[in-house]
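What follows is one structure encoded as structure tokens, with my remarks underneath.
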Amino acid sequence: MEFQVEAINPGECKAEALVVCCFEKEPKIEGCLKDIDHSLDGKIQQLITQGEIKAKDGEVTTIHSFGKIEPQRVLITGLGKREQFKADVLRRAMANACRALVKIGVTDVAVSLPGNLKGIESKSILAQLVAEGFIFGNWSFKKYVTNSENHNKIEKITLLSEKQEDIATINEGIFKGKVLAEAANFARDMINEPANYMIPEQMAMVANDVAKENNLEIDVMEVERMEEMEMEAIMAVARGSCNPPKFIVIKYKGRSSEEVDLALVGKAVTFDSGGISIKPSEKMEQMKMDMAGGASVIAAINAISRLKPAINVVALVAAVENLPDGKAQRPGDVVKTMSGKTVEVISTDAEGRMTMADVLTYAGRMGAKYVVDVATLTGACVIALGEVATGVFTNKPEFGQMVVDAGEEAGEYMWQMPMFSEYREQYKSDIADMKNAGGRDAGAITAALFLSEFVGDNPWVHLDIAGTAMISKDRGYWKKGGTGVPVRTLTNLAMNMAEKIK
Ligand code: BES
Ligand code: MN
Ligand code: ZN
């Protein structure tokens, strides 16, 4: 999708369709919509008065202009009630408008930017939200559908500015929105890929492409290197699959120091069958999404390297596949992790915390000052927070709050959960330092505490995205499937942290 900005009258723009916004319960049209309405002989006002257009949140009404203005169609997108407005309403409205246009085959659209929106401080943010909404709305995953007739997309979008002098600011916002939404869509593509394609080696190839495109340093380590480093927990999980594990390290340098300011650690189990502790077959196909954490940190470092904040960031991803096999680890095995701590494997299905343990140890040894890990870690987190909010667990609540705030900015909802050390009792082992599972009670918390055993004193946040990484039905500007959560949060976080370091 190609973006441009023009300072012309909406009725005179050359696009096939014009998108305008409208609030609910505001019976008299104003602003740019008023001029359009005038050219259309007051028909829009009429439809509003008659109640045909309610402008509810999510509503899109398409009317034809029959040659009275340049664009053949006007899309009136509802923003709901003005006092309930938030950034996500606009992202959603734009995604809805985009989908309505794609359905009727329009490829060239102009958007009249709404003014005076609560909480939107600049034209830059406004443009960013419009860009995000359209890029999300334009996304679909049809790679494997062979006879699909209708795969058209919006190709060109023009943002209409009232003033010539706002054009530069609007362009800045478009760029940021593009980077964020494209990165999220990139993660969504990876997540939706089937596990026979997205094997660990494929994840490493994707990471390589990202690194090459953005001139980032990358190291993909094979089994031999992992053995040298004694990453036994990762190896134990990987052993049941004939697709060998890959340990991916990507470095973004935003300032001249050698320090690692922020490490992003992503769980990347390309398929989680549960291993010998095999999962029920119903819905097992969803476990191709168990690499969403890894996908999101690769996508985030991609976005970060395009936005260039003055901060050093590394992305760490151990890509493995968890399958049952003659060589697979078994329940009851004791594994010595890279940290030296031993784990009794109660369930081979609690594999994510095993792979993450070694990568968190690696992050600590790199001297990472701040660590954020992202993992589809527990079914218990889905029970607690559903598909709407990501679970946030931390050893430093202020840093946790920074992540929650970065999420709020992105429209990726997050909620801090408790980490009382009393819960640690649940994963005590008789024969090793700990067990890898602590029973059903507070399963998301005991998993987070397990991870904390491999983290030092530096600020660390764990994001459990088991519920939010892939959704079972369309919601807001998302479609069923991979969401790209928390790519935009991580990118915002790096930007916000860079501001603080300065
Ligand atoms: N990948 C799963 C968690 C998961 C569940 C992600 C549902 C997305 C949706 C993880 O590896 C897992 O199997 N966790 C177990 C842990 C248990 C054995 C202690 C779980 O949550 O049941
Ligand atoms: Mn599992
Ligand atoms: Zn898993």
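Details
- Filter pass, SER122 being touching a strand residue (DSSP E or B) at 6+ places or on another chain (Cβ under 7 Å) and hydroxyl-bearing (Ser, Thr, Tyr): no
- Condition check for ALA319: within 16 Å of ligand 2 (Cβ to nearest atom), touching a helix residue (DSSP H, G or I) at 6+ places or on another chain (Cβ under 7 Å) and open to solvent by 20 Å² or more (accessible area, probe 1.4 Å): no
- Here SER281 clears all of (1) within 16 Å of ligand 1 (Cβ to nearest atom); (2) in contact (Cβ under 8 Å) with a residue 24 or more places away in the chain except the condition numbered (2).
- Of all residues in segment 346-370, those that are among the aliphatic types (A, V, I, L, M) have Cβ atoms under 6 Å from Cβ atoms of residues that are in a helix (DSSP H, G or I), 6 or more apart or on another chain, in MET354/ALA233; MET354/VAL237; MET356/LEU451; ALA357/ALA233.
- Only listed residue being under 22 Å from the mean Cα position of the chain (by Cα), within 16 Å of ligand 2 (Cβ to nearest atom) and either surrounded by fewer than 23 Cβ atoms within 10 Å (Cβ to Cβ) or at pLDDT 95 or above (or both), chosen from VAL269, VAL297: VAL269
- Subset of segment 119-147 [in a helix (DSSP H, G or I) and among the charged types (D, E, K, R)]: LYS123, GLU132
- Residue in segment 324-344 that is nearest to ligand 2 (Cβ to nearest atom), counting only those that are more than 18 Å from ILE445 (Cα to Cα), open to solvent by less than 50 Å² (accessible area, probe 1.4 Å) and among the hydrophobic types (A, V, I, L, M, F, W, C): ALA328
- Among (1) free of Cβ contacts under 8 Å to residues at least 60 places away in the same chain; (2) over 23 Å from LEU117 (Cβ atoms); (3) not basic (Lys, Arg) - the single one CYS22 does not satisfy: (2)
- Selected residue [at negative phi and surrounded by 24 or more Cβ atoms within 10 Å (Cβ to Cβ)] from GLU172, GLU162, GLU132, GLU155: GLU132
- Any hit, segment 491-499, residues being within 25 Å of the chain's Cα centre (by Cα), small (Gly, Ala, Ser) and at pLDDT 95 or above: yes
- Filtered by the rule that a residue be among the basic types (Lys, Arg) and away from ligand 3 (no atom under 16 Å from the Cβ), segment 266-318 gives ARG306, LYS308.
- Looking only at residues of segment 349-377 that are basic (Lys, Arg) and away from ligand 2 (no atom under 16 Å from the Cβ), we find that the one that is least open to solvent (accessible area, probe 1.4 Å) is LYS369.
- Filtered by the rule that a residue be open to solvent by 60 Å² or more (accessible area, probe 1.4 Å) and under 29 Å from LYS283 (Cβ atoms), segment 424-470 gives ARG440, ASP441.
- Every residue from segment 51-65 that is in a loop (DSSP other than H, G, I, E, B) and either open to solvent by less than 30 Å² (accessible area, probe 1.4 Å) or closer than 27 Å to ALA87 by Cβ (or both): GLY51, ILE53, LYS54, ALA55, LYS56, ASP57, GLY58, GLU59, SER65
- Just one residue in the set VAL359, VAL372, VAL345 is in the same structural domain as THR489 (by TED's automatic domain parsing), farther than 26 Å from ALA95 by Cα and touching a Lys or Arg at 6+ places or on another chain (Cβ under 8 Å); that residue is VAL345.
The values are calculated or read from the model by the stated rules, or taken from the named source; none is laboratory data. All values reported here derive from a predicted model rather than from experimental measurement. Every residue, glycine among them, receives a Cβ derived from its backbone with ideal geometry; neighbour counts consider all protein chains shown. With ligands, DNA and RNA removed, areas are computed over all heavy atoms of the protein, side chains included. Shrake-Rupley method; radii C 1.70, N 1.55, O 1.52, S 1.80 Å.
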